[in-house]
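Chemist: Structure provided below as structure tokens; questions to follow.
The values are calculated or read from the model by the stated rules, or taken from the named source; none is laboratory data. Only a predicted model underlies this, so the values are computations on that prediction, with no experimental measurement involved. Methodologically, a virtual Cβ is constructed for each residue, glycine included, from the backbone with ideal geometry; neighbour enumeration extends over all protein chains shown. What goes into the accessible areas is simple: the full protein's heavy atoms, side chains included, and nothing from ligands, DNA or RNA. Shrake-Rupley method; radii C 1.70, N 1.55, O 1.52, S 1.80 Å.
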Amino acid sequence: YHMQVSQQDVLDVTMCPSEHEVPDFAKFTFTPRKILPKETPCFIMKMMKDLGFIDTFKIKSDNLARFILYVRKGYRDVPYHNWSHAFSVAHFAYLALTNFQLVEKGYFTQLEALAYFISCLCHDIDHRGTTNSFQQQSNSVLASLYSSEGSVMERHHLSQTICTLNTGGCNFLDALSKDDYVKCLDLIKDMILATDLASHYKIHSRQLAMAQEGYNKALPEHRYYLASLLMTCADLSDQTKDWKETKKVAQLIYAEFFAQGDLEKGMGRVPANMMDREKASIPDHQLEFLTQCCICIFRILATIFPNAKILVEAIKQNIICWESSKRIFDRLCIEGKTSYEVLV
Ligand SMILES: COc1ccc(Cl)c(-c2nnc3c(C)nc4ccc(C(=O)NCC(C)C)cc4n23)c1
Ligand SMILES: [Mg+2]
Ligand SMILES: [Zn+2]
């Protein structure tokens, strides 16, 4: 189907505040969610220009603009897995590429860098705000399509990405050689599928081993583990920002989780505690997620890239904040308030 691009869309792509209006845009402390939604398409173009993609891959602006607008339209209006999540994940890719000098230092080729940035932007297209296990349980169309291979949602995000590239006037990669085009789509497939947290857990120990024995650019599996790690870090990058931001994002995530729990209850199923607004303890669950999952991933990143240490420090700060909010939460629970009211 052909979604139309409106006049307002075209304006959105051309209206970029200039450099000095957005200081610190290229710093890890910058919070991309503060960029106005209507300015985000233009910032994507700016980041891709800064990263040298436009020149290296002879990208035509109108094709790129149309692609970005279609990708934005491809995201749904759900609390967390929406366009502003996609934009913030793509912004982290920009930060990683520039601050770790991934291409300059040979960790990524320019093509891998392009695939990384585009995969981040597209990695959750058409997300419905429900988990892979919910797809199985609800016998969704996506489960019937992809459940035999696993990573149901991620396979759908990948297919939506390819479809958008094949939509008339959106293929900004059409100047690539045949080999580069095939290689790029292959990289996008690996990178988007790597955003399934379940897949991350399967390779986490090998990523840790890779970091400890020393990253070897010549090893294809090291390159794959690094690309996967960088995808997961980008997907979780909200957790490396200040407490105000982290707390706001947690509310969005639990709004999605609790909505899924309500759906599951409506289907006569018992939702997991973290999806059940009556049972969830947000601070406890977040402390578990940050200490057992998030901080481990960013520690591996910091082993390979020393200047990623500030990201680990930021997560430590957020852990401290969750611990203090847990104390308040526990006291309020004694007074009979639910977790949700506490967070709000
Ligand atoms: C990298 O891929 C994803 C995919 C989806 C999500 Cl929501 C996230 C994500 N991004 N930020 C967070 C935060 C702050 N807490 C989380 C707590 C639990 C879970 C989770 O998925 N637990 C497994 C269960 C659903 C089977 C995910 C969380 N998360 C990352
Ligand atoms: Mg995802
Ligand atoms: Zn995501």
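Chemist: Say we look at the stretch 59-83 and pick out the residues that are of a type in the set (Lys, Arg) and more than 18 Å from the chain's Cα centre (by Cα); which of these is farthest from Gln251 (Cα to Cα)?
Modeler: The residue in question is Lys60.
Chemist: Does the stretch 127-141 contain any residue that is farther than 29 Å from Tyr254 by Cβ and more than 16 Å from ligand 2 (Cβ to nearest atom)?
Modeler: no
Chemist: Within the stretch 132-151, can one find any residue that is within 14 Å of ligand 1 (Cβ to nearest atom), closer than 16 Å to Leu193 by Cα and aliphatic (A, V, I, L, M)?
Modeler: Within the stretch 132-151 (the criterion being within 14 Å of ligand 1 (Cβ to nearest atom), closer than 16 Å to Leu193 by Cα and aliphatic (A, V, I, L, M)), the answer is no, since none of the residues qualifies.
Chemist: Continuing with this model, one more query. Under the condition of being of a type in the set (Lys, Arg) and either under 21 Å from the mean Cα position of the chain (by Cα) or at pLDDT 95 or above (or both), which residue from the stretch 296-335 is least open to solvent (accessible area, probe 1.4 Å)?
Modeler: Lys316
Chemist: Hey, among the residues in the stretch 18-34 that are within 17 Å of Ser84 (Cβ to Cβ) and either at pLDDT below 95 or not in a loop (DSSP other than H, G, I, E, B) (or both), which one's least open to solvent (accessible area, probe 1.4 Å)?
Modeler: Only one residue tops the list, namely Pro32.
Chemist: Just wondering, is there one or more residues in the stretch 193-209 that are open to solvent by 60 Å² or more (accessible area, probe 1.4 Å) and within 12 Å of ligand 1 (Cβ to nearest atom)?
Modeler: Checking the stretch 193-209: at least one residue is open to solvent by 60 Å² or more (accessible area, probe 1.4 Å) and within 12 Å of ligand 1 (Cβ to nearest atom).
Chemist: Among the residues of the stretch 93-111, are any closer than 30 Å to Arg269 by Cα and either in contact with a His (Cβ under 7 Å, 6 or more places away or on another chain) or buried (at least 24 other Cβ atoms within 10 Å of the Cβ) (or both)?
Modeler: no
Chemist: Moving on to the next point. Which of the residues that make up the stretch 236-255 are among the small types (Gly, Ala, Ser) and either within 14 Å of ligand 2 (Cβ to nearest atom) or touching a strand residue (DSSP E or B) at 6+ places or on another chain (Cβ under 6 Å) (or both)?
Modeler: Answer for the stretch 236-255, where residues must be among the small types (Gly, Ala, Ser) and either within 14 Å of ligand 2 (Cβ to nearest atom) or touching a strand residue (DSSP E or B) at 6+ places or on another chain (Cβ under 6 Å) (or both): just Ser237.
Chemist: Now for a separate question. For residues that are in contact with a helix residue (DSSP H, G or I) (Cβ under 7 Å, 6 or more places away or on another chain) and without any contact (Cβ under 8 Å) to a residue 40 or more places away in the chain, scanning just the stretch 211-227, find the one that is most open to solvent (accessible area, probe 1.4 Å).
Modeler: Looking at residues that are in contact with a helix residue (DSSP H, G or I) (Cβ under 7 Å, 6 or more places away or on another chain) and without any contact (Cβ under 8 Å) to a residue 40 or more places away in the chain, I get Tyr224.
Chemist: Sticking with this structure for a sec: Somewhere in the stretch 228-251, is a residue open to solvent by 40 Å² or more (accessible area, probe 1.4 Å), under 18 Å from Thr195 (Cα atoms) and not polar (S, T, N, Q)?
Modeler: No; the residues of the stretch 228-251 include none that is open to solvent by 40 Å² or more (accessible area, probe 1.4 Å), under 18 Å from Thr195 (Cα atoms) and not polar (S, T, N, Q).
Chemist: Mind listing just one residue for me: the one in the stretch 35-58 that is of a type outside the set (A, V, I, L, M) and open to solvent by 50 Å² or more (accessible area, probe 1.4 Å) and, of those, nearest to Phe92 (Cα to Cα)?
Modeler: That would be Asp50.
Chemist: Identify the residue in the stretch 123-178 that is aromatic (Phe, Trp, Tyr) and surrounded by 21 or more Cβ atoms within 10 Å (Cβ to Cβ) and, among all such residues, is farthest from ligand 3 (Cβ to nearest atom).
Modeler: Phe172
Chemist: Please work out which one of (1) surrounded by fewer than 22 Cβ atoms within 10 Å (Cβ to Cβ); (2) closer than 23 Å to Ala211 by Cα; (3) more than 16 Å from ligand 2 (Cβ to nearest atom) is the condition Cys293 fails and give its number.
Modeler: (3)
Chemist: In the stretch 149-190, what count of residues is obtained for those that are within 16 Å of ligand 2 (Cβ to nearest atom), touching a Phe, Trp or Tyr at 6+ places or on another chain (Cβ under 6 Å) and either within 17 Å of Met231 (Cβ to Cβ) or of a type in the set (Phe, Trp, Tyr) (or both)?
Modeler: Result for the stretch 149-190: 1.
Chemist: Filter the stretch 84-109 down to the residues that are under 10 Å from the mean Cα position of the chain (by Cα) and among the aromatic types (Phe, Trp, Tyr), then identify the one that is nearest to Lys38 (Cα to Cα).
Modeler: Looking at the filtered set, the residue picked out is Phe87.
Chemist: Let me ask something else. Looking at the stretch 260-276, can you tell me whether even one residue there is in contact (Cβ under 8 Å) with a residue 40 or more places away in the chain, surrounded by 22 or more Cβ atoms within 10 Å (Cβ to Cβ) and of a type in the set (A, V, I, L, M)?
Modeler: No.
Chemist: For the stretch 256-271, name all the residues that are within 24 Å of Asn318 (Cα to Cα) and either away from ligand 2 (no atom under 16 Å from the Cβ) or charged (D, E, K, R) (or both).
Modeler: Glu256, Phe258
Chemist: Residues that are touching a residue at least 24 places away in the same chain (Cβ under 8 Å): find the helices (runs of 4 or more DSSP H) completely inside the stretch 75-158 holding 3 or more of those.
Modeler: Result: 83-99, 110-122, 132-137.
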